Every structure is written in C-alpha cells, then in structure tokens.
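The values are calculated or read from the model by the stated rules, or taken from the named source; none is laboratory data. Just so it is clear, the structure is predicted and the values come from calculations on it, not from any experiment. Every residue, glycine as well, gets a Cβ built from its backbone with ideal geometry; the counts of neighbours run over all protein chains shown. Surface accessibility is based on the protein's heavy atoms, side chains included, excluding ligands, DNA and RNA. Shrake-Rupley method; radii C 1.70, N 1.55, O 1.52, S 1.80 Å.
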Amino acid sequence: MYLKYCEKKDLEIIRSKYKKEIENLPLKNDDSTYKNFVIYDFVLNSDGGRDKFLDCGAGPSPLAWLLCDHFKEGHMIDISVNNKFTKDNLHHNIGDFFTYIETHQDGSIDYALDGCSLTHFDYNEEGNIGLVKSANFLYKKIKKGGYVIVASDVLSHLDESDYGQNEFIKVKDMIGIYESAGFNLAGKFDYDSINDDFIIDLDYH
C-alpha cells in the first residue's frame with residue numbers, strides 16, 4: 001500500500017512490475033508513469049468491489065482501459081480530451097466533472113481514481129474549493145468500503161514558503177479535506193518517506 005511521498009525506489013518497482021503496460025502511455029516520463037501505475041497497482045492489490053470505477057480526469061491515459069479487464073464497467077470523464085483507448089465496457093465522457101458525477105447513483109462506484117486532476121478544478125485565495133466540492137460529491141457516490149485513490153502533486157509538509165493552499169497543497173490539508181467529507185484514510189501517511197535525492201521533474205512546472 002502506498003501512503004507516502006514518491007521515492008526513487010517506488011518508481012523503479014513500478015517500472016519493473018508493469019513494464020509491458022507502461023508501453024501504452026502516450027508520455028512515459030516519471031510523472032505520468034508513477035501517477036498512473038501507482039493507482040493501477042493499488043487497485044489490483046486492494047479489496048474493493050469490481051463492479052464499477054470512475055477515472056475523474058482521464059486525459060489521454062490508458063489507465064481506465066487497462067483496468068477494464070478487472071471490472072464489469074469503467075467510466076472516464078475529462079473536460080476536453082478525447083481518450084483513444086476503447087473497450088466495450090469502458091464509457092467515455094467529455095464535460096464538467098460536477099455535472100457528470102450527478103448522473104451516477106449514490107453508493108454505486110467501487111473506485112474513484114484521481115491522477116492529479118481534482119486539485120486543479122477550482123481554487124482561489126480562500127483555498128482549494130474544487131477539491132472540497134469533489135470530495136463531498138464523491139463521498140455520496142462511493143460504495144461503503146470503496147476507495148478514492150489519489151496520486152497528486154503536493155507541497156512538502158516541511159515547506160514553509162507562502163504558496164497558499166491552492167493548486168498545490170500539503171498532504172495533511174488534502175487528507176483533512178477528504179476526512180471532513182466523511183472518508184477514512186486507508187492507513188497512516190508516511191511523512192518520513194520524503195527524500196532529498198529524488199524529485200520527479202514535472203514537465204509543466
């Protein structure tokens with residue numbers, strides 16, 4: 001179970017374990033590889049149901065396409081990107097997340113997957129209002145015993161710079177938002193896993 005900052009050894013494990021699947025990534029950089037396949041690894045090795053999952057911001061990723069082999073049905077939503085990966089049990093959707101999530105019955109989703117989308121939805125000087133709103137929506141839609149799995153860019157808990165809590169927030173604040181919505185953390189987050197010798201180089205930052 002990964003409840004920690006990404007370390008170099010984690011990325012090496014992922015690359016070795018899912019070498020064949022990673023070949024489907026449009027971008028095979030560290031950032032894309034880790035975010036997609038740490039989620040994939042968690043889902044395959046956890047005890048949630050296998051009826052339905054939702055990729056909350058799919059983009060061009062093959063994640064949902066790969067996971068459909070393990071679920072009755074998969075759903076993906078993105079604000080603008082047409083995903084090229086198709087299967088009979090994979091449902092593509094383009095549009096606003098908050099409008100789309102309402103089309104799902106309460107308590108109907110086994111897994112919701114977030115590869116660094118939800119923190120980007122809506123934020124201002126007051127904080128990450130999009131993440132708060134999406135956490136509340138997801139709590140209604142996730143089955144009891146289901147999971148929201150997050151692989152996201154965050155600020156180090158040791159960072160004392162005045163970045164605010166907008167697009168990039170600290171882990172403890174993200175955890176606080178989900179717990180306030182009603183979720184329980186699957187385990188204790190390992191803050192000691194932060195390391196100085198490895199930082200994923202984000203293409204856009």
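Note down the accessible area of K170, probe 1.4 Å, to the nearest 10 Å².
Looks like 40 Å² after rounding.
Could you tell me, in Å, what Rg and Dmax come out for the Cα atoms of the range 1-66?
According to the Cα coordinates of the range 1-66, Rg and Dmax are 11.8, 33 Å.
Averaged across orientations, what area in nm² does the convex hull of the alpha carbons in the range 29-94 project?
4.3 nm²
Using the alpha carbons of the range 75-186, what is the convex hull volume per residue in cubic angstrom, as a whole number?
Values: hull volume 13.0 nm³, N = 112.
In the range 75-186, the Cα hull volume divided by residue count equals 116 Å³.
Can you say what percent of the DSSP beta bridges in the chain, counting only those with both residues inside, are antiparallel? Round to 5.
5 percent
With +1 on the Cβ of every Lys and Arg and -1 on the Cβ of every Asp and Glu, and nothing else charged, how large is the dipole of the chain about its Cα centre, in debye rounded to the nearest 20?
Charge dipole of the chain: 960 debye, to the nearest 20.
So how many Å³ per residue does the convex hull of the Cα atoms of the range 119-175 work out to?
On the way: hull volume 4.6 nm³, N = 57.
Spread over its residues, the Cα hull of the range 119-175 gives 81 Å³ apiece.
Run the 1.4 Å probe and let me know the accessible area of H92, rounded to the nearest 10 Å².
Accessible area, nearest 10 Å²: 70 Å².
Report the relative contact order of the range 66-171, percent, no decimals, based on alpha-carbon pairs under 8 angstrom and at least 6 residues apart.
For the range 66-171, the relative contact order is 24 percent.
Give me the mean projected area, in nm² to one decimal, of the convex hull enclosing the Cα positions of the range 1-117.
That works out to 7.3 nm².
By how many nm would the segment from E23 to D153 grow when fully extended, if each residue of separation counts as 0.36 nm and the alpha-carbon distance is taken off?
44.5 nm is the gain from fully extending E23 to D153.
Measure off, as a whole percent, the carbon and sulfur share of the 1.4 Å-probe accessible area of the chain, all protein chains present.
48 percent
Could you tell me the accessible area of R50 in Å² (1.4 Å probe, neighbours in place), rounded to the nearest ten?
70 Å²
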